[in-house]
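As structure tokens, the structure follows; a few thoughts come after it.
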Amino acid sequence: MRVLRVVEEADGITTLVFKDQICASARPGQFIMVYVPDLEEVPMSLSAIGPGALASITVKAVGETTRALSNLKPGSLIGIRGPFGRGFSIEGRRPLVVGGGVGLAPLMPLLEALVASGLRPKLIMGARTGSELPFLSRARGLLGPGQVRVATEDGSLGSRGLATDLAAEELAGGQYDVLYACGPEAMLARLLEIALEAGLRHVQMSLERLVKCGMGLCGHCSLGPFLVCRDGPVFDLAMLAHPAVRAELGRFWRDESGALVKLHRTRS
Ligand SMILES: Cc1cc2nc3c(=O)[nH]c(=O)nc-3n(C[C@H](O)[C@H](O)[C@H](O)COP(=O)(O)OP(=O)(O)OC[C@H]3O[C@@H](n4cnc5c(N)ncnc54)[C@H](O)[C@@H]3O)c2cc1C
Ligand code: FES
């Protein structure tokens, strides 16, 4: 695919727009494998699905391949496979959506789909600092400013604190029946606890593990009895509540050799 447009979304976070009919009809939450010539293939969520045949990915530069992706210019070529995995499904009538940093990427097309279905989601966006928060004006334009709350750890934008603090406040009111989330795994693990305490019956979270083949063949992305690339990346409440998933979520990750190691980073 040829990169058509490059947008600086926030510090270190860049969107690449390309044209592909198949990606443009993907389900929110699905991901593609993106090949950067001479480097690796990396999994990336679709951050825009349409209009027309347009689609995009939004990349946080964390290592060699994501840095190279972030430095591409319009006209550059990338390889793509997919879309893969199980995306979000629309359920419930009163959605709360919580995203941290570049974890907001798959939530943007989800929000568009929720609005297109006549629903009025509330969005909580979290980041370490205001300059690292992507998609704020897109979210406000879509939902209206009153439906978007922001938390930054340093208080430079919105309220000082964590997205999970705002989510706990919102869920305490009892006005939501479904929670959708994506972001750093520590945030997701805490959100799951809050959602279970609030008695929510519908929860969907997009998770990460080392994804290599992206299509259920190699086993690199296993999380409990599930493969993140095939059974996820969106996990529903039954999958999240599985004891093996709860034991790993926010704590452990499998390295390149498949060994269980202490979690040090997922997209944030
Ligand atoms: C389903 C899914 C969707 C994702 N969507 C996005 C997205 O929309 N935007 C975004 O910026 N990032 C996304 N990621 C994370 C992204 O794939 C990694 O940041 C990227 O692979 C890092 O590659 P690197 O070579 O730049 O860094 P490296 O130096 O190779 O790795 C840096 C860190 O990234 C993680 N990582 C490395 N390789 C992989 C891999 N193959 N799969 C998953 N994590 C890896 C590891 O924690 C590693 O320590 C997604 C991951 C998954 C599994
Ligand atoms: S990445 Fe190969 S099985 Fe999931």
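The values are calculated or read from the model by the stated rules, or taken from the named source; none is laboratory data. Only a predicted model underlies this, so the values are computations on that prediction, with no experimental measurement involved. Methodologically, a virtual Cβ is constructed for each residue, glycine included, from the backbone with ideal geometry; neighbour enumeration extends over all protein chains shown. Keep in mind that these areas ignore ligands, DNA and RNA; they rest on the heavy atoms of the full protein, side chains included. Shrake-Rupley method; radii C 1.70, N 1.55, O 1.52, S 1.80 Å.
Note down, for segment 69-214, the three equivalent ellipsoid semi-axes (square root of 5 times each alpha carbon gyration tensor eigenvalue), biggest first, whole angstrom. The partial results should precede the final answer.
Working: eigenvalues 122, 72, 52 Å².
Taking √(5λ) for each eigenvalue gives 25, 19, 16 Å, largest first.
Determine the sum of side-chain charges near residue 147: Lys and Arg each +1, Asp and Glu each -1, restricted to other residues whose C-beta is under 10 angstrom from that of residue 147.
Working: positive: 120, 122, 140, 149; negative: none.
Around residue 147, the surrounding residues sum to +4.
Ranked highest first by average number of other Cβ atoms within 10 Å, how do 79-87, 193-201 line up? Each step should come with its number before you reach the end.
Numbers: 79-87: 19.8, 193-201: 15.6.
Listed from highest to lowest mean packing, they are 79-87, 193-201.
Considering only protein heavy atoms, with the full assembly of protein chains and a 1.4 angstrom probe, order 4, 237 by accessible area, largest first.
Working: 4 90, 237 30 Å².
So, going from the largest accessible area down, we get 4, 237.
Of 73/122; 212/262; 19/60; 19/262, which sit over 29 Å apart, Cα to Cα? Spell out each step's value before the answer.
On the way: 73/122 34 Å; 212/262 20 Å; 19/60 21 Å; 19/262 39 Å.
Listed pairs above 29 Å: 73/122; 19/262.
If a/c stays under 1.5 just call it rounded; otherwise compare a/b with b/c (prolate if a/b is bigger, oblate if not). Do that for segment 5-84, with a ≥ b ≥ c from the square roots of the Cα gyration tensor eigenvalues. Don't skip to the answer; put the middle values down first.
Numbers: a/c = 1.58, a/b = 1.37, b/c = 1.16.
Because a/c hits 1.5 or more and a/b exceeds b/c, segment 5-84 counts as prolate.
How are the Cα pair distances of segment 110-182 distributed, in percent, across 5 Å bins from 0?
Histogramming segment 110-182 at 5 Å steps yields 3, 16, 26, 26, 19, 8, 2, 0 percent.
Within the accessible area of segment 95-262, what % is carbon and sulfur when the probe is 1.4 Å and the other protein chains stay in place? Mind showing how you got there, number by number?
Values: 3490 of 6550 Å².
Here it works out to 53 percent.
Using θ = phi - 60° and the Karplus relation 6.51 cos²θ - 1.76 cosθ + 1.60, list the HN-Hα couplings for segment 156-167 in order, rounded to whole Hz, with x at every Gly or Pro.
My calculation for segment 156-167 gives 6, 8, x, 8, 6, x, 10, 4, 5, 5, 5, 5 Hz in order.
Which cross-chain or sequence-distant (5 or more) residues have an amide H under 5 Å from the amide H of residue 210, H modelled 1.01 Å from N in plane?
Long-range HN contacts for residue 210: 254.
For a quick protection proxy, order the peptides 92-99, 153-160 by their average other-Cβ count within 10 Å, most packed first.
Details: 92-99: 22.4, 153-160: 14.2.
Final packing ranking: 92-99, 153-160.
Around residue 178, which amide H atoms from residues at least 5 apart in sequence, or from another chain, sit under 5 Å from its own amide H, with H modelled in the peptide plane?
Those lying under 5 Å, H to H, from residue 178 are 94, 96.
If the only charges are +1 at each Lys and Arg Cβ and -1 at each Asp and Glu Cβ, what is the size of the charge dipole of the chain around the Cα centre, to the nearest 20 debye? Before the final figure, lay out the partial values.
On the way: 29 positive and 26 negative charges, 88 e Å.
Result for the chain is approximately 420 debye, rounded to the nearest 20.
Skipping prolines and chain starts, which residues have an amide H placed within reach, meaning under 5 Å, of the one on residue 150, given they are 5 or more residues away or on another chain?
Amide H to amide H, under 5 Å and 5 or more residues apart or across chains, residue 150 pairs with 125, 159.
What is the log10 of I(q)/I(0) for the chain, computed with the Debye formula using one identical point scatterer on each Cα and no solvent, at q = 0.17 Å⁻¹?
The Debye formula, applied to the Cα set alone, gives -1.45.
Would you compute, from DSSP H runs of 4+ residues alone, the mean residue ellipticity of the chain at 222 nm, taking -39500 (n - 2.57) per run and dividing by the full residue count, rounded to the nearest 500? The partial results should precede the final answer.
On the way: 8 runs with 62 residues, N = 268.
Counting only the DSSP helices, I get -6000 deg cm²/dmol.
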